[in-house]
Amino acid sequence: MSEFGALSLLPPLLAIVLAVVTRRPMLSLFLGVWSGAIIYTESLGIGQTFDWIVGAIIADEGFHVQILLFTILLGSGVALIWRLGGATAVRNWATERLESQRTVGLTTWILGLLMFFDDYANTAIVGSTMREISDQFRISREKLSYIVDSTAAPVATIGLSSWVAFQLSLIAGAYEDLGVDGEAPTAFETFVWSIPYNTYALLAIAMVGIIVYTRRDFGEMLDAEHRSWKQGLVSREDATPLQEVEKDLGKPIDDRPMLRTFFAPVVVLVAVTLAGAFWTGYEAWTGEQAEEGAPTTIGAAADETGLLQVLVDIVGAGDFAGALVWGSFAMVAAAIAIGVVYDLFDLGDGVDTVLDGFRLMVTAVTILVLAWSISDVADALGTGDFVAGYVGEAIPLELLPVVVLFVAAFVAFTMGSSWATMGIVTPIAIQVVYELTGSFDLMPVVVGAVFSGAIFGDHTSPISDTSVLSSTFTGADLIDHVRTQLYYAVTVMSVVVLCYLLYGYLGLSPAIFLPIGLVVLVGLVYGLSELDAKRKGVEPKASSVDVDAGAHGTESVDDAE
C-alpha cells in the first residue's frame with residue numbers, strides 16, 4: 001500500500017484533467033510532474049521534477065532512449081518520403097483504386113492487423129502510410145488516429161510480439177512468487193487460455209471494423225466526421241497537430257512521383273526491424289538454452305516444447321527497441337539513397353531533410369518524455385499499489401473479473417502505461433485469485449481481465465505513449481484524438497463488462513459470450529449513432545450528405561450505398 005495514500009492519485013489525475021480542459025498537454029503534464037514532486041519532497045520540488053524528467057529518458061536500461069531515437073529517425077524517414085514525392089505517388093495510386101471512405105478505412109484496419117509485431121511500429125507505419133490517403137477522402141484525422149490506435153496495442157497483445165513475451169514473464173514470475181512449482185500450469189498455457197478473456201482487445205479490434213464498414217459514428221467523432229466531410233477540415237481550425245508535414249516541410253518534389261520512393265523505405269524499415277528482433281532474440285535464446293543445458297537449435301527445442309513456444313521465447317528475448325532504431329535508421333538511409341540515385345535531390349538536401357524531420361518530432365518527443373515522467377511520479381508515489389491494494393479480498397468470485405478489469409483500467413488511465421499496469425496488477429490479481437480459490441482455474445480469466453483493463457486505460461488516457469504516437473503519425477491533435485476515441489472505448493468496455501457478468505453469473509464460455517458481445521456491439525453502434533445524430537440534427541453517416549465534388553477536391557470519391 002502506498003504511504004501517500006489517496007494523494008498518490010493527484011498528480012496523474014491533475015495532468016489528465018488539465019490536458020483535457022486546456023488542450024495543452026505539455027503544460028498539463030509538467031504541472032502534474034511538479035505537483036508529484038511537491039507531494040514527494042514536501043517542498044517546492046523543482047529539483048525532483050527535473051530528476052524525474054531526466055530519469056524518464058534514461059530509464060529501463062536505455063529503452064526510452066531507444067524509443068526516442070526511433071521516433072526521431074522515423075520522423076526523418078517520413079520527411080524524406082514526403083520530400084521525394086512518395087506520399088503524392090501513393091495518394092494518386094490510391095485515388096484510382098480505393099473508391100470510398102469505407103475501402104480506405106478497411107485498408108487501414110487490415111494494415112493495423114498485419115503490423116502485429118510491435119505497437120510503436122504499427123502506429124508509425126500505418127499512420128504515416130494512410131494519412132495522405134485518408135485526407136484525400138476527407139476522413140477526419142481523429143477517425144484515422146482512432147483506427148490506428150485501436151489496432152496497435154490490442155493486436156500486439158494477442159500476436160507474436162514483445163507484448164506477449166512481457167506478459168508471459170509476468171505470469172511466470174507471479175507463479176514463482178506463489179511457490180507452487182509443479183502445481184501451476186505453464187505461463188504459456190495460462191496466456192493462451194487468457195486470450196478469449198482479453199475481451200477488450202478482441203472487441204476493440206472488432207469495433208474498428210464495425211465503425212469503418214458501417215461508416216456510422218457517434219459522440220464527438222460524429223462531429224469531427226461531419227466537419228471533415230462538409231467543410232474539408234480534417235482537423236479543427238484551432239487544433240494543434242503533433243506533426244504537420246505539409247506546413248513544416250513545404251511542397252514535395254512532385255515532377256516524378258514514384259511508388260518506390262514510398263514503399264521501398266517502408267519495406268526496409270519492416271524487414272530490418274523484424275530481422276533485428278529475431279536475430280537478437282535468437283542470440284539471447286541460444287545463450288539461455290546453453291546455460292540450462294537445453295537444446296540450442298530450434299528444431300530440437302521444438303521437439304520438446306513445441307514450435308510456437310520456441311518462437312515466443314525467441315521473440316521475447318529479442319531487443320525490439322534496438323531493432324526499431326536499426327530499422328528506422330535503415331529507412332532513412334534507403335530514402336536518401338533513392339533520392340540521390342534517381343537525382344531527386346543531392347546528399348546535402350537529403351541531410352537537410354533529415355534535420356527537418358528531427359524538428360518535426362520535437363513536440364511528440366517532449367510529450368512522450370513528460371508522459372513517461374508522470375508514470376515515474378505515479379510509481380514513486382505508489383499510485384498503482386494504492387489502487388490495486390485498495391481492493392479488498394472480500395469480493396464475490398462472480399464479480400472478480402469485473403473488479404480486476406476496473407482496477408487495471410484505472411491504474412492504466414492514471415499512469416498512462418499499459419505495461420506498467422500489467423506489471424503492477426498481474427501479480428496481485430494472481431495472488432488474490434489463488435488465495436480465494438486455492439486453484440488455477442480462474443487464472444486465465446483474471447489475466448485476460450488485467451490485459452483488457454490495461455489497454456482500455458491506455459486508450460482513454462491523454463498521457464499514454466501509444467495515444468501520443470498515434471496522434472503524431474496521423475497528424476492529429478492529441479486531446480482531440482483522446483476525446484473522440486473515448487466514446488468508442490467506453491462502448492466496448494461496457495460490452496466487456498456484460499460479457500464478464502455473463503461468464504460470472506451464468507457460466508457462459510467465451511465461445512458463447514464473445515458472439516453475444518459482438519452482436520450487442522453492432523446494435524450499440526447503430527442505436528447510438530441514430531440517437532446522437534437525431535439529437536444533433538445530422539445524419540449518422542457523414543458521407544451520406546451531398547457534397548459538391550469540386551469542393552471535395554477529388555472526383556474519385558464515391559460513397560453511394
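Per residue, the Cα convex hull of the stretch 5-539 amounts to 161 Å³. When the P(r) of the stretch 183-271 is calculated, the portion above 18 Å amounts to 74% of the C-alpha pairs. Dividing the radius of gyration of the alpha carbons in the stretch 277-367 by their Kirkwood radius gives 1.24 for Rg/Rh.
When only alpha carbons of the stretch 148-226 are considered, Rg and Dmax amount to 17.5, 59 Å. Taking one quarter of the surface of the convex hull spanned by the alpha-carbon atoms of the stretch 412-460 gives a direction-averaged projected area of 3.0 nm². Taking the Cα centre of the stretch 165-289 as reference, the dipole from Cβ charges on Lys and Arg (+1) and Asp and Glu (-1) amounts to some 820 debye.
Applying the Kirkwood pairwise sum to the alpha-carbon positions of the stretch 427-513 produces a hydrodynamic radius of 14.9 angstrom. Taking θ as phi - 60° and the Karplus parameters 6.51, -1.76 and 1.60, the scalar couplings of the stretch 67-76 work out to 5, 5, 4, 4, 5, 5, 5, 5, x, 5 Hz in sequence order, x denoting glycine and proline.
Rounded to 0.05, the FRET efficiency of the GLU61 and GLU283 pair, given R0 = 22 Å and the Cβ-Cβ distance, is 0.85. For LYS534, the aspartates and glutamates whose Cα comes closer than 16 Å to its Cα, not counting residues fewer than 8 places off in the same chain, are ASP217, GLU220, ASP223, GLU225. Between ARG24 and ASP352, the FRET efficiency estimated from the beta carbon spacing at R0 = 22 angstrom works out to 0.10. Among the listed pairs LYS143/LYS536; LYS143/LYS251; LYS230/LYS251, those whose Cα-Cα separation exceeds 22 Å are LYS143/LYS251; LYS230/LYS251.
Values quoted throughout were computed directly from the atomic coordinates according to the rules given, and no laboratory measurement underlies them. What you are looking at is a predicted structure, and each value in this text was computed from that prediction instead of being measured. Reconstructed Cβ throughout: ideal geometry from the backbone, glycine too, with neighbour counts over all protein chains shown.
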